[in-house]
Amino acid sequence: MYERKVNSLPFSNYFTCINYYRIHYWSHFWRPASIIKPLGDIFINLLFMVVIPLVFFSISSAIANMNSMKRLGKIMGTMMTVFILTGIIASVFMLIATVIFSPGSHAAIPQETPEAVDQLTLSEQLVQTFTVSDFIDLFSRKNMLALIVFSVLIGISTGLVGKKVNHLLNSL
């Protein structure tokens, strides 16, 4: 007959032993983990370094290689409509959620007024959002919207000129 063997430890005790071993073993390596932090920082900085040229070349080449600017207009119009509609839907959803749940109503958050606040007009805010003061600042991850606007303008101008700048179009 088949005889069933019973384990000496229940299943939950295996997890207890494994967790004890894991905590005891890795606690010795917790403090020296700061030694490899520069490697993580290098990795993140390399990713950021790759994003800027990738955004520029992908947007400008996609727009430059379009056959007609009417198609670009339709795509941009659809894209703006989707962005605006999803923004409105998200705003309405969050307004309803904050009315129903009232987050932060029981929190005691001190509200301090800052010492000096720069008052910007609407036109100054738009200029700072869509442009940069120096060309080299355009290729910073802090100015992605300005880079996207620049890429769209380069793509449109290259696409409109067409065959005259075929070597530039091939490089994009």
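From most to least packed by mean Cβ count within 10 Å, the peptides 69-82, 115-128 give 69-82, 115-128. Charge dipole of region 22-147 (Cα centre as origin; +1 on each Lys and Arg Cβ, -1 on each Asp and Glu Cβ, all else neutral): 760 debye, rounded to the nearest 20. Only lysines eight or more places from K37 in sequence, or on another chain, were considered; those with a Cα closer than 25 Å are K142.
Every read-out reported here was derived from the displayed coordinates using simple, explicitly stated rules and does not represent laboratory data. Please read all numbers here as calculations on a predicted model, not as lab measurements. In this analysis, Cβ positions are derived from the backbone assuming ideal geometry, glycine residues included, and neighbour counts consider all displayed protein chains.
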